[in-house]
Amino acid sequence: MGKIQPARGTRDIIGEELKRMRYVEQRFLSISEKYGFEEIRTPVFEFTEVFSRPLGDSSDIVAKEMYSFEDRGGESLTLRPEFTAGIVRAFISGGMQQNLPCRLSSIGPAFRYERPQKGRYRQFHQINAEWLGLSVPHVDVELIAMAWRLLGDLNLQEKIALHVNSLGDVESRQAYRQALVAYYEQHRANLSADSLVRLKANPLRILDSKDEGDRRINQLAPKLIDYLNETSSSYFKAVQAGLEALNIPFDVNHNLVRGMDYYCHTAFEFITTELGAQGTVIGGGRYDGLVKTLGGPDVAGIGFAGGIERLAMLLPYDIPGPRPVIILPMGEVLTQALTLGEALRAEGFTTLIDAAGNLAKRLKRADNKNAHFAIIIGEEEIAREHAQVKNLSSGEQVSVAQSALASFLRDNT
Ligand code: HAM
């Protein structure tokens, strides 16, 4: 028998935390709908290639963090480490290019083999938005505005700063890559072993290195911003002007490089200082080559994903649940309690029936459930078609005709 506990980095989510997560999800769905997004649910696992090709073999996710396995038919499959590649795969296999632009929102679990700590799990949950069909700055601005609005709706704007950067177009990145390789070649002797591998596969990744020696070398490395061509730099300026026009505060952060290879032009992150090292709550960017990389047409896209656990942790208030009504049947009146329960639920009340133990115990349990009213029925009440209604906040108890119960409860809540 295996160990009776959740696997490392996974958790059972229940109670207040789940309420908060659900609240974040509901706010996201409602806001993204206002921006014209349609919800999509893609499979939790895909062919491994769907992720490895666009994210890049040298990315941390593909190199170290994917949950990949061979199924019984010998196919290499991977639990999604993120949504974007799977949604683009769905976009292609579903022929959605017939219907552009395509705005898709999604919610669900993602999986990365990372070292677990506060705000970082191996199974975590994302809200995700993808906007496919155009590569123009106002779309980037609109998408960032949607994320900003969500943070406003969750009362989090004050805790969070928006960082933006431009990763340029293909031409700019190629020029930059050459400059970087030339620079790192001069410092070969002092680069870490990992970075020597990155130098071949993807020198931009060295900028992200945690190694002390690499970091010293990085301080004087060429900056991408100096290699943006005219198109890329005017694109970035237009995005910044759009954010300013919408009064969305941001910082340009030239060191912002995202963890996947598919990005170009606009990259952004919403970061808080309140969650320690795991401060990025939302990250995203433009990915104009991704649909093609996965074998589809030349369709541009931009999107973002937010960590639901991280957003939920930051919420400044608890999410109140419904205050239930509790029916307490005394004696042989269980069937009548069931009937009354059905009637009250049909009227919209959250209704529990508690038939176990003495009255004092049941009233205590009702209090623990934050119930507003206890409805006590015994044989005498049933005979008179009445019920005793006890207001658990004031202690007051009155007899109410069963036919008038729903309106009594409504009027006194
Ligand atoms: P990402 O930055 O890798 O981007 O993840 C987005 C967010 O997911 C992070 O900012 C963080 O809040 C949350 N997150 C990531 N890993 C973990 C973890 N191990 N535990 C808890 N939360 C985590 C993407 O996933 C891109 N697909 C975003 C995107 C969409 N770009 C374009 N479209």
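The values are calculated or read from the model by the stated rules, or taken from the named source; none is laboratory data. Note that this is a predicted model, so its numbers are computed, not measured. FYI the Cβ positions are ideal-geometry reconstructions off the backbone, even for glycines, and counts take in every protein chain you see.
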Task: All strands (runs of 3 or more DSSP E) inside segment 290-392 with 2 or more residues being surrounded by 15 or more Cβ atoms within 10 Å (Cβ to Cβ) and within 16 Å of the ligand (Cβ to nearest atom) - done: 301-307
TODO: Among the residues of segment 9-46, write down those that are part of a helix (DSSP H, G or I) and among the small types (Gly, Ala, Ser).
DONE: GLY15, SER30, SER32
Task: Those residues of segment 279-321 which are among the aliphatic types (A, V, I, L, M) and at positive phi, in sequence order - done: none
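This table checks each residue for (1) out of contact with any Asp or Glu (no Cβ under 7 Å at 6 or more places or on another chain); (2) within 12 Å of the ligand (Cβ to nearest atom).
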position	(1), (2)
PRO101	yes, no
PHE111	yes, yes
ARG115	yes, yes
ARG120	no, yes
PHE124	no, yes
TRP131	yes, yes
ASN155	yes, no
TODO: Could you tell me which numbered condition ALA406 fails, if it satisfies all but one of (1) in contact with a Leu (Cβ under 8 Å, 6 or more places away or on another chain); (2) surrounded by fewer than 12 Cβ atoms within 10 Å (Cβ to Cβ)?
DONE: (2)
Open item on the list: Looking only at segment 1-36, count every residue that is touching a strand residue (DSSP E or B) at 6+ places or on another chain (Cβ under 8 Å) and among the basic types (Lys, Arg) and tell me the total.
Closed with: 1
Open item on the list: Could you tell me how many of the residues in segment 264-289 are closer than 14 Å to LEU132 by Cβ and part of a helix (DSSP H, G or I)?
Closed with: 0
- [ ] Give segment 6-27 a look and list any residue that's closer than 20 Å to ASN128 by Cβ and among the basic types (Lys, Arg), or say none.
- [x] ARG20, ARG22, ARG27
Task: helices (runs of 4 or more DSSP H) contained in segment 122-201 and holding at least 3 residues crowded, with 20+ Cβ neighbours inside 10 Å - done: 137-153, 170-186
Open item on the list: Looking at segment 275-287, can you tell me whether even one residue there is within 17 Å of GLY168 (Cβ to Cβ) and more than 7 Å from the ligand (Cβ to nearest atom)?
Closed with: yes
Open item on the list: surrounded by fewer than 19 Cβ atoms within 10 Å (Cβ to Cβ), assigned to a loop (DSSP other than H, G, I, E, B) and under 28 Å from the mean Cα position of the chain (by Cα): is that true of ASP261 in this structure?
Closed with: no
- [ ] Identify the single condition in (1) within 22 Å of TYR262 (Cβ to Cβ); (2) more than 12 Å from the ligand (Cβ to nearest atom) that SER105 does not satisfy, given that it satisfies every other one.
- [x] (2)
- [ ] Can you run down the residue pairs with Cβ atoms below 6 Å, 6 or more apart or on separate chains, where the first is in segment 121-136 and under 13 Å from LEU290 (Cβ atoms) and the partner is more than 7 Å from the ligand (Cβ to nearest atom) and acidic (Asp, Glu)?
- [x] SER135/ASP288
Open item on the list: With the requirement that a residue be surrounded by fewer than 13 Cβ atoms within 10 Å (Cβ to Cβ) and either at pLDDT below 95 or farther than 24 Å from TYR287 by Cβ (or both), what does segment 14-46 give you?
Closed with: ILE14, GLY15, GLU16, GLN26, SER30
Task: Meets criteria (at pLDDT 95 or above and either away from the ligand (no atom under 16 Å from the Cβ) or in contact with a Gly (Cβ under 6 Å, 6 or more places away or on another chain) (or both)) for ILE225 - done: no
Open item on the list: Which pairs turn up if I take residues in segment 203-223 that are closer than 16 Å to GLN178 by Cα and look for partners that are in a helix (DSSP H, G or I) and among the β-branched types (Val, Ile, Thr) with beta carbon separation below 9 Å, at least 6 apart in sequence or on another chain?
Closed with: PRO203/VAL181; ILE206/ILE217; ASN218/ILE206; ALA221/ILE206
Task: In segment 65-88, the residues that are out of contact with any Lys or Arg (no Cβ under 9 Å at 6 or more places or on another chain) and within 12 Å of the ligand (Cβ to nearest atom) - done: ARG80, PHE83, THR84, ILE87, VAL88
